[in-house]
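One structure below.
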Amino acid sequence: MITTKTYKALKVLEVTKNYCMVMSANNFAMKFWGDDPDKKYLFTAIANSGNGACAGKKAWLCAGSYLSKLQKRKLVRWESRNPGYHGTGYKITKHGLEAIKEYESKAM
């Protein structure tokens, strides 16, 4: 059984079930935390991780970390494709879609 937070994350990624869709960590962060007033600092704080300082960097670093945890649970997968053609990012797996259905059936 998945948690409410995991369910919300998988619902954000559900749009990637189509063949060509993938979601970057930056796009995931905007959809997952974009309207949360407690997480606004992720989008405004300046972070420096050795490759230069950038405002909003914490949001996609945190999102990438969370997505990799979901990847270890086999709920999402990383797809590395030709960046000029399809893009590179995370995609929901069959196990992720099944977890959504299981969560929704237990919630009803």
Q. Applying the selection to region 49-72, what residues are touching a helix residue (DSSP H, G or I) at 6+ places or on another chain (Cβ under 8 Å) and exposed (fewer than 15 other Cβ atoms within 10 Å of the Cβ)?
A. Ser49, Ala55
Q: Of the conditions (1) over 23 Å from Ala107 (Cβ atoms); (2) crowded, with 18+ Cβ neighbours inside 10 Å; (3) out of contact with any Lys or Arg (no Cβ under 9 Å at 6 or more places or on another chain), Ala9 clears all except one; give me its number.
A: (1)
Q: Go through region 14-36 residue by residue and tally those that are of a type in the set (Val, Ile, Thr) and assigned to a loop (DSSP other than H, G, I, E, B).
A: 1
Q) Cβ-Cβ below 7 Å, separation at least six or inter-chain, first residue in region 1-16 and without any contact (Cβ under 8 Å) to a residue 24 or more places away in the chain and at negative phi, second surrounded by fewer than 19 Cβ atoms within 10 Å (Cβ to Cβ) and not hydroxyl-bearing (Ser, Thr, Tyr): which pairs? A) Val12/Lys31; Val15/Met21
(Q) Taking the condition of being among the acidic types (Asp, Glu) and at pLDDT 85 or above, how many residues in region 23-75 meet it? (A) 0
Q.
Restricting to region 37-84, count the residues that are of a type in the set (A, V, I, L, M) and either part of a strand (DSSP E or B) or over 24 Å from Thr4 (Cβ atoms) (or both).
A. 6
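The values are calculated or read from the model by the stated rules, or taken from the named source; none is laboratory data. Every value quoted in this text rests on a predicted model; they were computed, and no experiment measured them. Here Cβ is always computed from backbone atoms with ideal geometry, including for glycine, and neighbour counts include all displayed protein chains.
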